[in-house]
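Q: Have a look at this one.
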Amino acid sequence: MALKLKLDSTKLYVLAVSGGVDSMVLFDLFVKHNLNFVVVHFNHQKRAESILDHELVESMCTLHHIPYHYIKLKIKNGNFQEVSRNARYKNLEFIAEQYHTPYIVTAHHLDDLAETIMMKLIRGSNLLGYAAMQEVTHIDKFIYLKPLLNYSKEEISLYQQTHQIKFYEDHTNLEDTYSRNRVRHHLIPLLKEENDVLTHLKNFSKQSYLAASYIRKESNNFLSKDLSFHLSSFDALHDAVKMDVISLIFESLKIDKTFKKIETILAQLKSIKPNINITLNKHYHMIKAYDFVYIEHIDKNKTRNDENCLMISHNKVDLPKIWVELCYNKLDFPIQLRKRKPGDRLSFTYGSKKLKDYLIDKKIAISDRNNLNVVVDSSGTILWIPGLYLNETLGSEHKIYLSIKE
Ligand SMILES: Nc1ncnc2c1ncn2[C@@H]1O[C@H](COP(=O)(O)OP(=O)(O)OP(=O)(O)O)[C@@H](O)[C@H]1O
């Protein structure tokens, strides 16, 4: 079967060629389709013979007058597969930018897709993760293309043999050290014996991708830029969207997420407790304050705002923005400004009430309660809580003006 590419000869492509069979076949197809492209090869400097891959790719580029970029990577720490993949993509994007093109092409094929889906299922992921990869993916300003994604490894190998394409086999691909190789060498062949698993996994990927994209669109519409939302609107969402909204919050904050973490948060949001503080990681909390849910950055250097000051005046001249006119028969001076204390009570014309109960009635979030400014006279009578309460039981004989800077 002939391999066909659905690419445009007026565009410029950045093609990643490892020197392995898949990317050498794709290189050959690019030449045969007269496409306009540049090649990038990475040497991970892990195998002594890596230089042979470079020499092969370079010689093919020279033969066909294709611009060639050779990049040596040195991966020191972390998961080699993941770190090297990220480094490759970062460099490919850099080169695409130099050529003013958004197109980055790799030689992933149908067996790669099947392997990735199985790996994701084994390790756990979300719906978008299970979709694994698509022929076309937009990431920021770049467009990643995988033109061989509909072809199996068998079809690609057949093309290589028929056209005598030169390539180097990376011997680490044959080892079972990496779990991906174990899936490739044992699991996929076993599944292939049972059924046409490649086609079924391809369909699974497509359906997961479509469903995940639709749900993500709903989540993006729902969640505000600062990642806050109202619980009453959240409750009206479909469960699939609820789950994705929490996923999206984790992704936006660049925090690793698990299915279990997401389920725990959903349960906490559903609980009847009106005030909850959920730790997402050491930098972020999710705060549920009655109907409102928002993200708070844990700022270790945050200190109490001591800038507030209380001014007392008998006339209104020059009072700053927040002020109150207080009429009283008797006040015990001096007047103080402080934070709330256990046992604080508020006076009303109908009687008195614990401040704590009043804050609950007014649905003031726990995190805001300790920030309130409380103005008291020296007998402990609460006179004013800016924005919340004014003591109107003191009479009308004298007037003072209290103001507070914020
Ligand atoms: N060292 C590399 N240099 C350039 N591109 C690479 C390199 N490694 C991987 N790629 C790109 O990423 C794609 C997928 O990588 P993967 O590791 O699955 O392939 P491979 O088995 O190493 O090589 P090939 O796909 O060429 O047989 C490759 O087809 C290629 O386009």
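Q: In segment 165-230, which GluC sites (Glu not before Pro) are in a loop and have at most 13 other Cβ atoms within 10 Å, using DSSP for the loop call?
A: Glu169, Glu175
Q: Rg over Rh of the chain, using C-alpha atoms and the Kirkwood radius, what does it come to?
A: Rg/Rh: 1.20.
Q: Taking the 0 to 90 degree range and rounding to the nearest ten, how far is the long axis of helix 21-32 tilted relative to the main principal axis of the chain, both from C-alpha atoms?
A: 80
Q: Let me have the relative contact order for segment 12-205, percent, based on Cα pairs under 8 Å that are six or more residues apart. Write out the running numbers ahead of the final one.
A: Working: 260 pairs, mean separation 50.2, N = 194.
Computed over segment 12-205, the figure is 26 percent.
Q: Going by how many other beta carbons lie within 10 Å of each one, how would you line up Tyr358, Tyr290, fewest first?
A: Final ranking by Cβ density, sparse to dense: Tyr290, Tyr358.
Q: What number, in percent, do you get for the relative contact order of segment 223-297 if the mean sequence gap of Cα pairs under 8 Å and at least 6 apart is divided by its residue count?
A: The value is 33 percent.
Q: Also: Helix 50-63 against the longest principal axis of the chain: what's the angle in degrees, Cα atoms only, rounded to the nearest 10?
A: Between the helix axis and the principal axis of the chain, the angle is about 70 degrees.
Q: Which aspartates and glutamates have a Cα less than 16 Å from the Cα of Lys261, not counting those fewer than 8 places away in the same chain?
A: Correct list for Lys261: Asp239, Asp244, Glu251.
Q: I need the trypsin sites (Lys or Arg not before Pro) found in segment 117-175, filtered to DSSP loop residues with at most 10 other beta carbons within 10 Å of theirs.
A: Lys141
Q: I want to check the label-to-label distance for Lys72 and Lys353. Put each point 7 Å from Cα in the C-beta direction and report it in nm to one decimal.
A: Output for this residue pair reads 7.5 nm.
Q: Identify which of Tyr328, Tyr159, Tyr89 has the largest mean-square fluctuation in a Gaussian network model of the chain, with springs joining Cα atoms closer than 10 Å.
A: Tyr328
Q: Quote to one decimal, in nm, the extra length available between Lys166 and Leu5 on full extension: 0.36 nm per residue of separation minus the C-alpha distance between them.
A: Using 0.36 nm per residue and subtracting the Cα-Cα distance, I get 56.0 nm.
Q: Hey, what do the phi angles of segment 200-210 turn into as Karplus ³J(HN,Hα) couplings, whole Hz, using 6.51/-1.76/1.60 and θ = phi - 60°, x for Gly and Pro?
A: Result, rounded to whole Hz: 5, 5, 4, 5, 4, 4, 4, 5, 4, 5, 5.
Q: Could I ask something else about it? Give me the distance in nm between label points sitting 7 Å out from Cα along the Cα-to-Cβ direction at Tyr214 and Lys90, one decimal.
A: 3.8
Q: How much length, in nm to one decimal, is gained on full extension between Gln336 and His285, taken as 0.36 nm per residue of separation minus their Cα-Cα distance? Numbers along the way, then the final one.
A: Working: separation 51, 0.36 × 51 = 18.36 nm, distance 3.28 nm.
That works out to 15.1 nm of additional length.
Q: Only bridges whose two residues both fall in the chain count here: according to DSSP, what percent of them are antiparallel, nearest 5?
A: Bridges in the chain that DSSP calls antiparallel: roughly 70 percent.
Q: On full extension of the chain, what length is gained from Ile276 through His230, given 0.36 nm per residue of separation minus the C-alpha to C-alpha distance?
A: My answer for the length gained is 15.1 nm.
Q: Treating only the Cβ of Lys, Arg, Asp and Glu as charged (+1, +1, -1, -1), what charge dipole size does segment 117-265 show about its Cα centre? Round to the nearest 20 debye.
A: Working: 20 positive and 19 negative charges, 53 e Å.
Dipole magnitude for segment 117-265 comes out near 260 debye.
Q: So which lysines pass the test for Lys76, namely a Cα distance under 18 Å, with those fewer than 8 places away in the same chain ruled out?
A: Counting by Cα, and skipping residues close in sequence, Lys76 has these lysines nearby: Lys46, Lys90.
Q: Shifting gears a bit: GNM on the chain, C-alpha springs below 10 Å: top fluctuator among Leu158, Leu128, Leu223?
A: Result: Leu158 has the largest fluctuation of those listed.
Q: Comparing Arg338, Arg88, Arg182, which has the greatest mean-square fluctuation in the GNM of the chain with Cα pairs linked when under 10 Å apart?
A: Arg338
Q: Just need the relative contact order of the chain here, percent rounded to a whole number, with Cα pairs under 8 Å and 6+ apart.
A: 12
Coordinate-derived values only; no laboratory data. Since we're looking at a predicted model, the values are computed, not measured. Here the Cβ is made from the backbone with ideal geometry for all residues, glycine too, and neighbour counts use every protein chain on show.
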